[in-house]
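**Q** First the structure, then my questions, so here it is.
The values are calculated or read from the model by the stated rules, or taken from the named source; none is laboratory data. Computed from a predicted structure; not experimentally measured. With ideal geometry, Cβ positions are generated from the backbone for all residues, glycine too; neighbour counts draw on all protein chains shown. Please note that ligands, DNA and RNA were not included when accessible areas were found on the heavy atoms of the full protein model with its side chains. Shrake-Rupley method; radii C 1.70, N 1.55, O 1.52, S 1.80 Å.
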Amino acid sequence: MLTKTVLLLLTVAFGTLVGYPDLRAQEVQPAALLLFSFAAVLGAAYPDSAWRRALLLGLSVPAAHVIAGLTGTTLPYPVPRFADTFLALIPSFVGTYVGVGARRALGPAQKEQPRG
């Protein structure tokens with residue numbers, strides 16, 4: 001139970017770290033790279049129910065835009081349609097399943113059997 005709570009808090013923290021450069025940078029690449037990287041790390045470390053963390057990370061960008069709108073923050077780039085912010089789900093899910101795939105490809109380390 002504690003692991004799930006810590007994992008949720010870690011995912012929210014990563015999402016917050018993604019939202020900040022998304023609202024400050026003039027290009028989307030820094031936020032997309034952070035999304036992909038954080039998602040890959042979480043997917044590799046915790047492959048079970050990885051889609052939930054990918055969804056939460058991907059939704060951090062639309063959430064950041066909602067908060068920016070509510071606080072009156074001026075974005076450094078135009079966002080013609082709010083629906084475009086949901087494209088952040090793509091690097092989030094891709095990164096997560098790259099991490100899950102890497103974890104499964106590498107697998108757990110197997111101990112060598114002693115020869116008798």
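**Q** Write out, first by first residue and then by second, each pair whose Cβ atoms fall under 8 Å of each other, whose residues are 6+ apart or on separate chains, and whose first residue, in segment 1-27, is within 20 Å of Ala44 (Cα to Cα) while the second is of a type in the set (Val, Ile, Thr).
**A** Pairs found: Val18/Val61.
**Q** Residue by residue through segment 13-29, note down the ones that are surrounded by fewer than 14 Cβ atoms within 10 Å (Cβ to Cβ) and within 13 Å of the chain's Cα centre (by Cα).
**A** Across segment 13-29, the qualifying residues are Ala13, Thr16.
**Q** Touching a residue at least 60 places away in the same chain (Cβ under 8 Å) and small (Gly, Ala, Ser) - does that describe any residue in segment 61-82?
**A** no
**Q** So, one more: Could you pull out the residue among Leu33, Leu10, Leu42 that is within 30 Å of Arg104 (Cα to Cα), assigned to a helix (DSSP H, G or I) and open to solvent by 90 Å² or more (accessible area, probe 1.4 Å)?
**A** Leu33
**Q** Those residues that are outside any helix (DSSP H, G or I) and not small (Gly, Ala, Ser), I need them from segment 60-89; list them, please. Let's see the steps before the verdict.
**A** Initial filter on segment 60-89 (outside any helix (DSSP H, G or I)): 72-81.
Those that are outside any helix (DSSP H, G or I) and not small (Gly, Ala, Ser): Thr73, Thr74, Leu75, Pro76, Tyr77, Pro78, Val79, Pro80, Arg81.
**Q** Moving to a separate point now. Just for segment 46-70: of the residues that are open to solvent by 50 Å² or more (accessible area, probe 1.4 Å) and of a type in the set (A, V, I, L, M, F, W, C), which one is nearest to Ser92 (Cα to Cα)?
**A** Filtering segment 46-70 for residues that are open to solvent by 50 Å² or more (accessible area, probe 1.4 Å) and of a type in the set (A, V, I, L, M, F, W, C), the one nearest to Ser92 (Cα to Cα) comes out as Leu55.
**Q** Scanning segment 89-106 for residues that are open to solvent by 90 Å² or more (accessible area, probe 1.4 Å) and within 16 Å of the chain's Cα centre (by Cα), which turns out nearest to Ala63 (Cα to Cα)?
**A** Out of the qualifying residues, it is Ile90.
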